[in-house]
1. Can you list the helices (runs of 4 or more DSSP H) lying wholly within region 1-97 that have 1 or more residues being modelled with pLDDT under 90?
2. Can you find, within region 226-274, the residue that is farthest from Phe199 (Cα to Cα) among those that are among the hydrophobic types (A, V, I, L, M, F, W, C) and part of a loop (DSSP other than H, G, I, E, B)?
3. Please tell me if Thr254 is touching a Gly at 6+ places or on another chain (Cβ under 9 Å) and over 21 Å from Gly118 (Cβ atoms).
4. State whether one or more residues within region 216-223 are among the hydrophobic types (A, V, I, L, M, F, W, C), in a loop (DSSP other than H, G, I, E, B), open to solvent by 50 Å² or more (accessible area, probe 1.4 Å) and under 29 Å from Lys144 (Cα atoms).
5. So is Glu287 closer than 21 Å to Leu114 by Cβ and open to solvent by 60 Å² or more (accessible area, probe 1.4 Å) or not?
6. Got a sec? Which of Ser228, Ser194 is surrounded by fewer than 18 Cβ atoms within 10 Å (Cβ to Cβ), over 18 Å from His184 (Cβ atoms) and small (Gly, Ala, Ser)?
7. Would you call Glu273 among the charged types (D, E, K, R), open to solvent by less than 30 Å² (accessible area, probe 1.4 Å) and at pLDDT below 95?
8. Every residue in region 241-253 that is more than 30 Å from the chain's Cα centre (by Cα) and open to solvent by 40 Å² or more (accessible area, probe 1.4 Å), please.
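The values are calculated or read from the model by the stated rules, or taken from the named source; none is laboratory data. On a predicted model such as this, the values are computed, not experimentally measured, just so you know. So basically every Cβ, Gly included, is an ideal-geometry build from the backbone, and we count neighbours across all protein chains shown. Keep in mind that these areas ignore ligands, DNA and RNA; they rest on the heavy atoms of the full protein, side chains included. Shrake-Rupley method; radii C 1.70, N 1.55, O 1.52, S 1.80 Å.
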Amino acid sequence: MVDYIKLFDKIIEFINWDTLKYSVFKLNTDNKVSKFFTKEHLKSMIYYHILQKDNLRDLSSGICMSKKLKTIIVSVSLGTLSHHNNKRNFEVFLPILTELINKAVNIGSVNESLKRFGPVKLIDSTTISMSLNLYHWALFRSTKAGVKIHTRFDLNNGLPDAFVVTNAVEHDKTTMDSLMDTKHCIYVFDKAYSDYKKFDQYTRDEKYFVTRLKDNAVVTEVKDLRISRSDNRLLDLGTQILCDKVVKLGSLYTYQTKETYRLIKILDKTGKELTFITNIDELFSEEIALAL
């Protein structure tokens, strides 16, 4: 049986409480608070996630019932816990998260097979639904509230290294400038992040990417390229590369890219056709297809 309290103790050993103290002071998140301070809030929510509790009621009652746990985490009512989850500024915890991510990246092992590509980072988002009655600021549908977490995953080290939180109603592409912040790095992301004007800017800034092409995309072919393969087979058996072309994206009536891009189309082993767009010239067709 897992000793969750011991696991909890090990995790909070990594936290620099002076960092949290400064963040609390800067954002004033303990103003007019008499008991359930930001530090206790963080401890409670860490324990909540370790136990994989389904709701706040389970956490509140669990803390009240455990004598050992009450010496580590302040006992708190369901109402107080819910109130602070709703009202306390979540940004107070971001410096702690950043420090923990940096620590994990520094001790992580590098994937040797990816060294040829240089830094490779994956970007994707997930939406978390929330109660509309409690979180009016997160409205994104007539009867629903929610936030969207955009995570950047460092594929070389096998760890996330950045994230952006937005209202769920905001479009994915609004976060791209924050997440694509390094030159000479390959970013792999879903077609929901597509923005042709930004594609041109990233290309000029030497920020490389691989993404899927939207089904309704307007494409102007410039020339065909020879399909190129790695010395060692990279794709699954049954996956075929159908073409590798140089194209421009978009319409002259809205926006057509000033730069040209490679379009690589494959037929995967299930018979599904996938089309990739990239601004990387030097990699094999097969290596680009491997990205997604």
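1. 4-12, 38-51, 56-65, 67-70, 78-87
2. Leu237
3. Numbers: touching a Gly at 6+ places or on another chain (Cβ under 9 Å): no; over 21 Å from Gly118 (Cβ atoms): yes.
No; evaluated as a whole, the condition is false for this residue.
4. Checked region 216-223: no residue is among the hydrophobic types (A, V, I, L, M, F, W, C), in a loop (DSSP other than H, G, I, E, B), open to solvent by 50 Å² or more (accessible area, probe 1.4 Å) and under 29 Å from Lys144 (Cα atoms).
5. In short, no.
6. Sole residue among the options that is surrounded by fewer than 18 Cβ atoms within 10 Å (Cβ to Cβ), over 18 Å from His184 (Cβ atoms) and small (Gly, Ala, Ser): Ser228.
7. So Glu273 does not fit the description; no.
8. Leu242, Leu252, Tyr253
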